[in-house]
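Read-outs: derived from the displayed coordinates by stated rules, not from any lab. All of these numbers come straight from a predicted model, not from anything done at the bench. Please note: Cβ atoms are built from the backbone with ideal geometry, for glycine as well, and neighbour counts cover all protein chains shown.
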Amino acid sequence: MRKQKGIRVNSKIEGYFRWPLFYLIIILALTIIGALYNPTLGFIYCMFFVLSTSLAIYLVFFNRRRIMSDVINFALGLDEVQKQLLNNFELPYILMDNAGRIKWYNEGFKTLFPDSKLLNMKISNFIASINLSQYPTESETYEKHCEIDGKVFKVVVKKMSINKTVTESKHKPSKIEDTLFAAYFYDVSRENALVIKNDEQKSVFCLMYIDNYDEVIHSIEEVRRPLLVALIDRNINKFSQEIDGVIRKFEKDKYIIVFQNKYLKAIQEKKFNILDIVREINIGNEMSVTLSLGIGISEDTFTKKIEYAKVAMDLALGRGGDQAVIKNDEKLSFYGGKTRGVEKSTRVKARIKAHAFRELLDECDRVMVMGHKIGDMDSLGASMGVYACAKHFGKPAHIVLNKITTSIYPMYEKIVEDKEYPADLFINNTQAISFVGDQTLLVVVDVNRPSYTEYPDLLKYLKKIVVFDHHRVTAEYIESAVLSYVEPYASSTCEMITEITQYVSDKVKLKPVEADALFAGIAVDTKNFVAKTGVKTFEAAAHLRRSGADAIRVSKLFKNDMASYKAKATAVKDSEIFKDSIAISVCPSNIVNPSLVGAQAADELLNISGITASFVLTQVDNVIYISSRSIDDINVQLIMEKLGGGGHLNVAGAQLENYTIESALEILKETIDNYLEKGD
């Protein structure tokens, strides 16, 4: 077969020239058969055969060369057209070898780098973000976004296998497989700009509440009250105007603002300075005005956004107010929280929560109470207070407790020895599962984080859950609770439960041992009524005293053994002074309850002159427990939250799993450094 310009004619085209020969053979057979039966018919067939043969000879021998030449020329012309189309195609396109060197490029790519030498140059010289190690395999596509001359391009890299035929000799051709990578550059600048613009124009819902409106108003002269309200409204409206928001005041102390998402970043960069602006308003009011903001962001409906805003506001209030919380589809963000929670003088909220709790007690057939892991006197005392309420309504109650720590053992022993309490008052995890039912009520005390509870899986088995806690709410909280009463301003959960027992029913009577347990919980968390005490704290203590609590009897429960006292003294003696005023130490773990002793050591360190914050680390099994304490200068809660913990402004803690003491100290110091650099 002939070649033209080195191109072999396809065998299928050759076949089309052979088909006339088969037709001639058929016509010849028909001519012979026709001549045998009818000479006239045979003569006609013969003439037709001669004519067909002449045409076939002309087609095969005379016109064949011209047709083949036309076919080959068309193919060559089409190939050149394809090359021109690819070369002049506006979409930038290149071919690279395994080393990332450009082996071919079209005019579209040349326009991106008009003054550069491109051939055999590495693509990383021009676009650093394209990494050779990320090139795709056979079935994959590598995509990357990059910016070139102010435009955003989506780069798509695909692997191409090319077979080359190379003739080593006249009779022995060999095949060599070569690999190239084709890269396409799609200009997505306009699409990106539209996506950004669309994101910026999305609606954001913001709820804004004045935390202490009634308290502030009543702390100022009556003639100045309208001026104070006017100043608050003026600053809030000015804040709304700066973000081009639509604001509506739907209650005397509540506002809703709708604004575009593009302003949210600016607000975050200013760290919600509206909190500071309103706090600084002072025209003779004895206490500062504080705000709470709940912001909802969602890709879904407006209903979802306002729902998120409400959840964010609940979290802000649950953390003590004076802060902003942003909730979107993925995470929670917290801003502010600089001030100490202000105790509310009103008892309305406690009364409402107590009545709701009474309804739940009426409906249930059994009550289970659960505190946090490594229980303390606050969780045990609160559990006993809930037990007293359940007993008053005739409901069997159980306290989930797996490990008896030294801090609660004296009180636990007194309760167990009391014959009036049932044998199944304290149960472990396995026993708790056997009591689970559709009408079982679970009451969680002194903790609001699921992972910190005594038995986290129990939360999945029960539908009716009540939470009583005085710790600030974090991003991880019990979402399925039908009743949640979280008050960060309270000194302890025992204080809250004491108040609940007074309102859940007028006839709830506390036994002396139950009153002792509640009183002990308050005493421990307030450091014997020194820290975080308010009017309600002493009122709760007075009520417990009337119910039979004995301060001397309770004080005997707090005595340490000699080993624990020496461990605490060692932690204080070996402490390191970090940043001139922060004490960091490690408590020995070769004692019965090292985490409790570590907390006591943190308290002792804070009593040293010049120390504004203390952090004591204790290792128990494979977990590092951090106890932190501070004076008003440092917010240890924010530091502990960065490490996955939480607590209060002056009292907080965290747990680090799979850390050594050395690595825990390192990450703690880094977190403190970041806090001191960025502030609250």
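Observations
- Calculated from backbone phi, Karplus (6.51, -1.76, 1.60) coupling profile of the range 386-392 in Hz, x at Gly/Pro: 5, 4, 4, 5, 4, 4, 5
- Scalar couplings 3J(HN,Hα) for the range 448-453, obtained by applying the Karplus form with A = 6.51, B = -1.76, C = 1.60 to θ = phi - 60°, are 10, 9, x, 5, 8, 6 Hz; x denotes Gly and Pro.
- For the range 375-414, pairs of C-alpha atoms spaced more than 17 angstrom apart make up 30 percent of the total.
- Cα-Cα separations in the chain greater than 51 Å, expressed as whole percent: 40 percent
- Alpha carbon centroid spacing (whole Å) that separates the range 404-459 from the range 280-310: 37 Å
- Less than 5 angstrom separates the built amide H of Val369 from those of His398, Ile399, Val400, Val443, all sequence-distant by 5 or more or on a different chain.
- Only helical runs count toward this figure. For the chain, summing -39,500 (n - 2.57) over DSSP H runs of n ≥ 4 and dividing by all residues gives -13000 deg cm²/dmol at 222 nm.
- Taken over the range 188-260, the alpha-carbon convex hull comes to 80 cubic angstrom per residue.
- Whole-number D in µm²/s for the range 348-558 (Stokes-Einstein; Kirkwood sum over Cα pairs; 25 °C, 0.890 mPa s): 147 µm²/s
- Rg [Å, one decimal], Dmax [Å, integer] - the range 207-318, C-alpha atoms: 14.5, 47
- Gain on full stretching of the segment that runs from Arg248 to Ser663 - 0.36 nm per residue minus C-alpha separation: 144.4 nm
- Ordering Ala664, Pro450, Ile94 by Cα displacement along the dipole of the chain toward the positive end leaves Ile94 in first place; charges were set at the Cβ atoms of Lys, Arg (+1) and Asp, Glu (-1).
- Two-site FRET efficiency, Glu299 against Val223, from Cβ-Cβ distance with R₀ of 35 Å, rounded to 0.05: 0.10
- Overall, the range 193-264 carries a charge dipole of about 320 debye about its Cα centre when +1 sits on the Cβ of Lys and Arg and -1 on the Cβ of Asp and Glu, all other atoms neutral.
- Here the dipole of the range 348-558 is about 320 debye; that uses its Cα centre as origin and unit charges on the Cβ of Lys and Arg (positive) and Asp and Glu (negative).
- Ranking Ser595, Ile624, Gly150 by Cα position along the charge dipole of the chain, where only Lys, Arg, Asp and Glu carry charges on their C-beta atoms, puts Gly150 farthest toward the positive end.
- In a simple Cβ point-charge model (Lys, Arg +1; Asp, Glu -1; nothing else charged), the chain has a dipole of about 2940 debye relative to its Cα centre.
- Spatial offset of the range 376-392 relative to the range 487-510 amounts to 10 Å, using the alpha carbon center of each.
- With 5 Å bins from 0: P(r) over the range 563-678, alpha-carbon pairs, percent: 2, 14, 25, 27, 20, 9, 2, 0, 0
- Dimensions in Å of the range 553-602 - Rg and Dmax from alpha carbons: 12.2, 42
- Neighbour-count order for Ser480, Ser575, fewest beta carbons within 10 angstrom listed first: Ser480, Ser575
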